[in-house]
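J.: Pasting a structure below so you can have a look.
The values are calculated or read from the model by the stated rules, or taken from the named source; none is laboratory data. Quantities reported herein were computed from a predicted structural model and do not represent experimental measurements. Virtual Cβ from ideal backbone geometry, glycine too; neighbours counted across all protein chains shown.
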Ligand code: ZN
């Protein structure tokens, strides 16, 4: 079985469509979403409805939580807050409720999915080094766990110690645990503008990060036309 894991879509419809087309071409039969369906970019409604229609296991991201609440966004960085305020104005009550009801952690088949980290997932901590990863592994009871949140593909392996290994392609070996960040569909931050997602091949015990080109000019035009901060159109071209 080939399972696509995708997330941090952030309302980028062109990137989402390109990822789903690529996954279908790769023989993927099942889909799992690691959250942050909305926020930043200009297609929150279309992306939410597409993911909802797929009816795949989906966990909640911090932008999903912020977009579906009514709490103040003052503590946030002003650009993300402006985008979230706009996103709130686009979503219906019923769409906000769908986001609000997403769970923080899900177990799917033989793996776990979380947006940030299994160590206090509602605190939205960023995992950027092996010490952060160790905190996650303390709560990881499956061999594999997939996350997102930093928008940078990263793989941590726990044997008798925890190490980071290259993320492009990972063979799952017995006796080790894996914490795999699948990168971001709609706003990559590793310097590569192309949409990122992962395919988990359960028969071959292999996880591969794929990068997919999409019609970024259309996405950028929509961001500017919506009156969102122009920096959001610039950053997706730079992958940061
Ligand atoms: Zn995100």
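J.: Exactly one of these conditions fails for residue 21: (1) in a helix (DSSP H, G or I); (2) within 16 Å of the ligand (Cβ to nearest atom); (3) over 23 Å from residue 120 (Cα atoms). Give me its number.
T.: Here residue 21 clears every test but (2).
J.: Specify which of the listed residues (146, 111) is crowded, with 22+ Cβ neighbours inside 10 Å, within 16 Å of the ligand (Cβ to nearest atom), at pLDDT 95 or above and under 22 Å from residue 4 (Cα atoms).
T.: Exactly one of 146, 111 is crowded, with 22+ Cβ neighbours inside 10 Å, within 16 Å of the ligand (Cβ to nearest atom), at pLDDT 95 or above and under 22 Å from residue 4 (Cα atoms), namely 146.
J.: Quick one: which of 172, 180 is touching a strand residue (DSSP E or B) at 6+ places or on another chain (Cβ under 8 Å), over 24 Å from residue 12 (Cα atoms) and surrounded by 18 or more Cβ atoms within 10 Å (Cβ to Cβ)?
T.: One residue alone meets the criteria, 172.
J.: Pick from 12, 77: which is at pLDDT below 95 and closer than 27 Å to residue 179 by Cβ?
T.: The unique qualifying residue is 77.
J.: Can you tell me which residue in the range 120-143 is surrounded by the fewest Cβ atoms within 10 Å (Cβ to Cβ), limited to those that are outside any loop (DSSP other than H, G, I, E, B) and in contact (Cβ under 8 Å) with a residue 40 or more places away in the chain?
T.: 137
To keep it simple, each residue is scored yes or no on (1) surrounded by 23 or more Cβ atoms within 10 Å (Cβ to Cβ); (2) more than 18 Å from residue 148 (Cβ to Cβ); (3) more than 16 Å from the ligand (Cβ to nearest atom); (4) more than 15 Å from the chain's Cα centre (by Cα).
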position	(1), (2), (3), (4)
10	yes, no, no, no
16	yes, no, no, no
31	no, no, yes, no
38	yes, no, no, no
49	no, yes, yes, yes
57	no, no, yes, no
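J.: Here is a further query. So which residues in the range 70-100 are within 16 Å of the ligand (Cβ to nearest atom) and outside any helix (DSSP H, G or I), if there are any at all?
T.: Answer for the range 70-100, where residues must be within 16 Å of the ligand (Cβ to nearest atom) and outside any helix (DSSP H, G or I): 73, 76, 77.
J.: If you go through the range 18-35 one residue at a time, do you hit one that is under 20 Å from residue 222 (Cβ atoms) and out of contact with any strand residue (DSSP E or B) (no Cβ under 9 Å at 6 or more places or on another chain)?
T.: No, that holds for no residue.
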